[in-house]
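J.: First, the structure itself, so that you have it in front of you.
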Amino acid sequence: DFVGLIFTYHRVNTPWWGRFTLITDELINNAIEHGSSAGDIDSCLIESWRDKDGEFYINLEVHDTGTGKDAKTAEEMATVKEKHKKDNSNGTYMKKRGRWLFHITEKLVDRLEFRESPKGGLAVRIEKAIPKNI
């Protein structure tokens, strides 16, 4: 809902609202389900603004604690990302099928970055610029 409020406030076209809701849900769910343990507190930071020319910018960063049974480091995620690019694996990874982080984000965002989080786990950051009137 918060992503919807941001896009409504900045009057961003509806298709982008839906796309970023999906991406946000996927990143947060991955942090909860894979990178953290029950009771851990993850975090999500969203920055948004319009520049003087009317272009809309949104950055989203999700941090997990790294205590989950499927937690990965930034280095491991970078390796997985490169393997996915090479394999172009139709959304299947480790014999699991899902919406798949890379499928969702690679074509929609300008930047996808992994780094170590100060919380001890993984930080995933996406950045997107949406031109005025799109």
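The values are calculated or read from the model by the stated rules, or taken from the named source; none is laboratory data. Quick caveat, the model's predicted, so the values are computed rather than measured. Virtual Cβ from ideal backbone geometry, glycine too; neighbours counted across all protein chains shown. Quick note on the areas: whole protein, heavy atoms, side chains included, nothing else; ligands and nucleic acids left out. Shrake-Rupley method; radii C 1.70, N 1.55, O 1.52, S 1.80 Å.
J.: Around Leu112, under 9 Å between beta carbons, what's the net of Lys plus Arg minus Asp minus Glu among the other residues? Could you put the intermediate results ahead of the total?
T.: Values: positive: Lys81, Arg111, Arg125; negative: Glu106, Asp110, Glu113, Glu127.
After counting each charged neighbour, the total is -1.
J.: Give me the percent of the accessible area of the chain that comes from carbon and sulfur atoms, probe 1.4 Å, all protein chains in place.
T.: Working: 4280 of 8200 Å².
Heavy-atom surface of the chain belonging to carbon and sulfur, 1.4 Å probe: 52 percent.
J.: Positive end of the dipole of the chain, charges at C-beta (+1 Lys, Arg; -1 Asp, Glu), about the Cα centre: which of Tyr9, Leu27, His84 has its Cα farthest in that direction?
T.: His84
J.: Can you give the net charge of the other residues whose Cβ lies under 11 Å from the Cβ of Val3, counting K and R as +1 and D and E as -1?
T.: -1
J.: With an 8 Å Cα cut-off and a minimum separation of 6 or more residues, compute the relative contact order for the chain in percent.
T.: On the way: 210 pairs, mean separation 37.6, N = 134.
Here the relative contact order equals 28 percent.
J.: Using a probe radius of 1.4 Å on heavy atoms only, what accessible surface per residue do you get for the chain? Whole Å² is fine. Please list the in-between numbers first.
T.: Numbers: 8200 Å² over 134 residues.
Accessible area per residue, the chain: 61 Å².
J.: Now for a different question. What does the C-alpha gyration tensor say about the overall shape of region 34-84? Classify as rounded when a/c is under 1.5, otherwise prolate if a/b is larger than b/c, or oblate. Walk me through the intermediate numbers first.
T.: Working: a/c = 5.15, a/b = 1.69, b/c = 3.04.
Because a/c hits 1.5 or more and a/b fails to exceed b/c, region 34-84 counts as oblate.
J.: Let's see if you can work this out: charge +1 on each Lys and Arg Cβ, -1 on each Asp and Glu Cβ, no other charges. What is the dipole magnitude of region 1-87 about its Cα centre, in debye to the nearest 20?
T.: Values: 10 positive and 17 negative charges, 63 e Å.
In debye, rounded to 20, region 1-87 gives about 300.
J.: What does the net charge come to around Val12 if you take all other residues with beta carbon closer than 13 Å to its beta carbon, with K and R at +1 and D and E at -1? Walk me through the numbers before you get to the answer.
T.: Numbers: positive: Arg11, Arg19, Arg50, Lys128, Lys132; negative: Glu55.
Within the 13 Å Cβ shell, the charges total +4.
J.: Report, in deg cm²/dmol and to the nearest 500, the calculated mean residue ellipticity at 222 nm for the chain, where each DSSP H run with n ≥ 4 adds -39500 (n - 2.57) and the sum is divided by the residue count. All intermediate terms of the calculation are to be shown ahead of the outcome.
T.: Numbers: 4 runs with 49 residues, N = 134.
Dividing the helical sum by the residues of the chain leaves -11500 deg cm²/dmol.
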